[in-house]
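Here is the structure we will look at, set down as structure tokens.
The values are calculated or read from the model by the stated rules, or taken from the named source; none is laboratory data. The structure displayed is predicted, hence computed values, not measured ones. Virtual Cβ from ideal backbone geometry, glycine too; neighbours counted across all protein chains shown.
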Amino acid sequence: MSTKDRKPYQLTFDDAVYVWLRHWQGEYQHRIAATYDVNPGRVNDVIKERKHFGSRSEAAKRLSP
């Protein structure tokens, strides 16, 4: 299968939780996006809570001891 035939990766809810954790650690959005091979706008969608609503609170739970 060639690369042009592949469907673009879509961030999952679990990915979104890790996006929040990495964002809170100060990592740049474009670096996070590169890890998942997605456009930085997809990471921004998570951070602006346009996608995967609830991932922020789930990430906050994972930070709590």
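If you take the residues in segment 26-58 that are under 9 Å from residue 11 (Cβ atoms) and among the β-branched types (Val, Ile, Thr), which one is surrounded by the most Cβ atoms within 10 Å (Cβ to Cβ)?
For segment 26-58, the residue satisfying everything is 43.
Scan segment 33-52 and report the pairs whose first residue is of a type in the set (Asp, Glu) and whose second residue is part of a loop (DSSP other than H, G, I, E, B) and modelled with pLDDT of 95 or more, with Cβ atoms within less than 6 Å and a gap of 6+ or a chain change.
45/51
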